[in-house]
């Protein structure tokens, strides 16, 4: 990180416009004009993005909001209530999108929509409640929630579009930092281990394309080459096979299996962060702890078998 460069600094690097945040030069895109139509398009995209990353079954239509609320409020079992709270959050999310869509349609007919319009206020209330309930929702991995995704539509609703885009660069920088941290942890875990010779190069390659994918919007023309490279590099890392000896011992086989599983878990976690473009601190912390445990075991000689008693 270069502390002399202030966040928000714009520059063109190798012909690509970039903005600096927290040690990273991130590819920058021009935001759309600040209008209800732009906010409608943005919130719809954020809604699709949210449901693409969270657990299944919570994409409840907004018209079923009352049913979802009734089911949540009458549920007594804590585990079931957590799931029903997630379903209520989904219904609230969709209700807000429904309202915003209709307001934009009215605006297109020449009807002026003031910011203190009753429906605008209800839209904000729905998004705020969805954000609060979003803490009950898990990522599709089942490991943790992603609160940032629930907060984004409310921010897009509440602040100018340009300000929203600027806030996204901060989150992307945080995601890039975690990609680097996780990749460094993986490399340190397996480098020097004869079973995993060459894995560090594959991890480096995957981390590099992961950062490019993370900063690139799906509307970018470059996404076709970038996504193809991301998938192929991911597959290469997943296909890595430990280099077992000709007659591996049970301990060697176990260390190979555990290490290979750890590589796949790291690959998956990086993929989750890249696609969501936000950090997953709980998952990252727990994964790095597993890496540390595995690395420590590699330096501990296996226990000698007990001699038979005579």
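The values are calculated or read from the model by the stated rules, or taken from the named source; none is laboratory data. These numbers were taken from a predicted model, which means no experiment stands behind them. In this analysis, Cβ positions are derived from the backbone assuming ideal geometry, glycine residues included, and neighbour counts consider all displayed protein chains.
Is it the case that the range 195-217 has a residue that's under 30 Å from residue 34 (Cβ atoms) and either part of a loop (DSSP other than H, G, I, E, B) or assigned by TED's automatic domain parsing to the domain that holds residue 121 (or both)?
Looking through the range 195-217, at least one residue is under 30 Å from residue 34 (Cβ atoms) and either part of a loop (DSSP other than H, G, I, E, B) or assigned by TED's automatic domain parsing to the domain that holds residue 121 (or both).
Condition test on residue 83, is it in contact with a strand residue (DSSP E or B) (Cβ under 8 Å, 6 or more places away or on another chain) and at negative phi?
Details: in contact with a strand residue (DSSP E or B) (Cβ under 8 Å, 6 or more places away or on another chain): no; at negative phi: yes.
The answer is no for residue 83.
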What is the number of the single condition among (1) crowded, with 16+ Cβ neighbours inside 10 Å; (2) under 19 Å from residue 217 (Cβ atoms); (3) in contact (Cβ under 8 Å) with a residue 12 or more places away in the chain that residue 33 does not meet?
-> (1)
Single unsatisfied condition, residue 157 versus (1) farther than 18 Å from residue 90 by Cβ; (2) out of contact with any strand residue (DSSP E or B) (no Cβ under 9 Å at 6 or more places or on another chain); (3) part of a helix (DSSP H, G or I) = (1)
If you check every pair at least six apart or on different chains, which have Cβ atoms under 7 Å apart with a residue in the range 133-154 that is in the same structural domain as residue 60 (by TED's automatic domain parsing) and over 12 Å from residue 272 (Cβ atoms) first and a residue that is assigned to a helix (DSSP H, G or I) and at pLDDT below 70 second?
-> 134/147; 135/147
Verdict on residue 125 being within 30 Å of residue 89 (Cα to Cα) and in contact with a strand residue (DSSP E or B) (Cβ under 7 Å, 6 or more places away or on another chain) = no
For the range 53-63, which residues satisfy the criterion of being surrounded by fewer than 16 Cβ atoms within 10 Å (Cβ to Cβ) and free of Cβ contacts under 8 Å to residues at least 40 places away in the same chain?
-> 57, 61, 63
Looking only at the range 71-82, decide whether some residue is assigned by TED's automatic domain parsing to the domain that holds residue 132 and in contact (Cβ under 8 Å) with a residue 24 or more places away in the chain.
-> yes
For the range 221-232, the count of residues that are without any contact (Cβ under 8 Å) to a residue 12 or more places away in the chain and either touching a helix residue (DSSP H, G or I) at 6+ places or on another chain (Cβ under 6 Å) or loosely packed, with under 14 Cβ neighbours inside 10 Å (or both) equals 7
Say we look at the range 173-195 and pick out the residues that are more than 17 Å from residue 290 (Cα to Cα) and in contact with a helix residue (DSSP H, G or I) (Cβ under 6 Å, 6 or more places away or on another chain); which of these is surrounded by the most Cβ atoms within 10 Å (Cβ to Cβ)?
-> 176
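Here's the yes/no breakdown for (1) part of a loop (DSSP other than H, G, I, E, B); (2) within 20 Å of residue 171 (Cα to Cα); (3) touching a helix residue (DSSP H, G or I) at 6+ places or on another chain (Cβ under 6 Å):
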{"position": "98", "(1), (2), (3)": "no, no, yes"}
{"position": "106", "(1), (2), (3)": "no, no, no"}
{"position": "113", "(1), (2), (3)": "yes, no, yes"}
{"position": "119", "(1), (2), (3)": "no, no, yes"}
{"position": "125", "(1), (2), (3)": "no, no, no"}
{"position": "149", "(1), (2), (3)": "no, yes, yes"}
{"position": "152", "(1), (2), (3)": "no, yes, yes"}
How about the range 1-42: which strands (runs of 3 or more DSSP E) wholly inside it have at least 1 residues that are over 26 Å from the mean Cα position of the chain (by Cα) and closer than 30 Å to residue 119 by Cα?
-> none
